[in-house]
Amino acid sequence: MQPSQLTRTELQHIGPQRPGESGFAARARFHQSWYRYYVLGLRDYGVTSHHTANRPLGCILTSDDAAEGYNFLSDAAKKLYSDRRKQGWGIDPVRTTSNMTSSQALTLNILGPLQADTQWATRVFAALLGENLDTVDQLLVEYDPPDKLNLTGDRTIIDGWITGKVGGSYVSAVIEVKYIDRFSSRYIDITTRPQYRQLADSTGSWDLDVDLAKNRAINQLVRCHGIGIAMTLRDQHESMPKLLIFHHPEDPRTGTIVHLYKKLLRDPEACIPISLDTLFNLMRRLALYEEQRQLAATLTSRYISHGLSEEAWRLHRAHK
C-alpha cells in the first residue's frame, strides 16, 4: 500500500519515466510504473527493447517478472496469450509480456476473461452492440484471417473479432483497442485498391470518392473495419459488422479520429467508441460471479484510477 508521505527514494523505486513525454501518455505511463511497485510489489523495473537503445523505464517489467506473467491480470488472459502465440505471428512476445502500457496486454486482459465465459461475454457484448444476443459464437484476439490477402489485399491484423447470434441471424464486430499508443502510421491508399472499391460498391459502407477517404488519420480504422466487412460478405451474412473502439477516457486523440471515421461511413452508427471506464463498469455490472466483479475492479484500478497514484505523480512533477 502506498504510504501517506512519499520520499524521493520511494519515487526512485517507481522508476524513471520517458524523457520529453507529456500529457495523457506521460500520466498513464507513470501510473503503470506506480502500479508495478505499489500494487504488484515488484521492486525492480526493466529496460525497453527499442530499436536503438535499452532504456530503463518504471513501466517495464524485468525479464523474470515478465516470464512470470505479471503483465496479465488473470489466468484467462495468460492462457489466451499462450494460445495465441501458438497460432503464429501477431503477438509481440516481448512488449506484450513486459511493457505495462502495451495495448496488446490490455486487449488480453479484457478479452481473455470474457472468452473464458461465454455467458458473461454474451451479456457484455449484447449491451455494447445494442443487440439481444442469444450467444457469442466466436471471440478471437489479434485475428489474422488466413485469406485476408484475398479479402482486402493487405496484411492488417485486427485486435478482436466477435460473432454472435440473434435468433437465426448473425451479428459481428471488429474490436480495436487503444491505450497510449498511436494509431498505425502504415498507410494504404484504399481509393485505388480494387478490394476496397468492391467492398464499398457492394455494401455502400464508405464513399471512397471524397477527400476524407485518403486521410491518413483514419486509414487504420478503414482497414480494420474493412476486414470485418469482407469476412461478412465471404460468409454471406446479411448484417454488416460494427466497429467497437475501446479507448481511454483521457486520450485526446481517439475521439477526433472516431469523429472523422464516422463522417466517412454511410452509417455512422456502425462505429461505436467505448471508453474503458464504461467498459469496465459494464463488465462489473453484468458479471456472474464475485471473481469477475473483482477482475473488473482490478482493470479499473490498473488502467483508469489515476487518483491512486496522484500523490506520487505530484512528487515526480515537483522533482523534474
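The values are calculated or read from the model by the stated rules, or taken from the named source; none is laboratory data. Note that the coordinates shown come from a computational prediction; the quantities given were computed from them, not determined experimentally. FYI the Cβ positions are ideal-geometry reconstructions off the backbone, even for glycines, and counts take in every protein chain you see. To get the accessible areas, we keep the full protein, side chains included, count just its heavy atoms, and leave off ligands, DNA and RNA. Shrake-Rupley method; radii C 1.70, N 1.55, O 1.52, S 1.80 Å.
Set the Förster distance to 25 Å, then compute FRET efficiency between F183 and Q17 from the Cβ-Cβ distance, nearest 0.05.
Values: r = 23 Å, r/R0 = 0.92.
Result of the calculation: an efficiency of 0.60.
Round to the nearest 0.05 the FRET efficiency obtained for E68 and Q119 when R0 = 45 Å and r is the Cβ-Cβ distance.
About 0.90, to the nearest 0.05.
Ranked highest first by the average count of other Cβ atoms within 10 Å around their residues, in what order do 241-248, 55-62, 198-205 fall?
241-248, 55-62, 198-205
Determine the share of the chain's accessible area contributed by carbon and sulfur atoms, expressed in whole percent, with a 1.4 angstrom probe. Before the final figure, lay out each step's value.
Numbers: 6960 of 14850 Å².
Result for the chain: 47 percent of the exposed heavy-atom area is carbon or sulfur.
With labels modelled as points extended 7 Å from the Cα through the Cβ direction, what inter-label distance (nm, one decimal) is found for L260 paired with R234?
2.8 nm
Which angle from 0 to 90°, rounded to the nearest 10, does the C-alpha axis of helix 75-86 make with the longest principal axis of the chain?
For helix 75-86, the angle is close to 60 degrees.
Tally the DSSP beta bridges in the chain and give the antiparallel ones as a percent, rounded to 5. Can you show the working numbers first?
Values: 17 of 27 bridges.
Antiparallel bridges: around 65 percent, rounded to the nearest 5.
7 Å from Cα along Cα→Cβ at both K165 and R317: what's the point-to-point distance in nm?
For the pair K165/R317, the computed spacing is 5.3 nm.
Taking the Cβ-Cβ separation of S305 and S202 as r and a Förster radius of 41 Å, what is the calculated FRET efficiency to the nearest 0.05? Don't skip to the end; give the middle numbers.
Numbers: r = 45 Å, r/R0 = 1.10.
That pair, S305 with S202, gives E of 0.35.
What value, in deg cm²/dmol to 500, does the helix sum -39500 (n - 2.57) over DSSP H runs of n ≥ 4 give at 222 nm once divided by the residues of the chain?
Details: 14 runs with 144 residues, N = 320.
That comes out to -13500 deg cm²/dmol.
Roll a 1.4 Å probe over the protein chains and send me the accessible area per residue for the chain in Å². Don't skip to the end; give the middle numbers.
Working: 14850 Å² over 320 residues.
Using a 1.4 Å probe on heavy atoms only, each residue of the chain averages 46 Å².
Need the list of lysines near K165 for cross-linking: C-alpha distance under 21 angstrom, and skip anything on the same chain fewer than eight residues off.
K242
Straight-line reach only, C-alpha to C-alpha below 16 angstrom: list the aspartates and glutamates that K178 could link to, leaving out same-chain residues fewer than 8 apart.
Filter leaves D92, E142, D159, E250, D251, D277.
So how do 20-29, 218-227 stack up, highest first, on mean other-Cβ count within 10 Å?
Values: 20-29: 15.5, 218-227: 24.3.
Packing proxy ranking, top to bottom: 218-227, 20-29.
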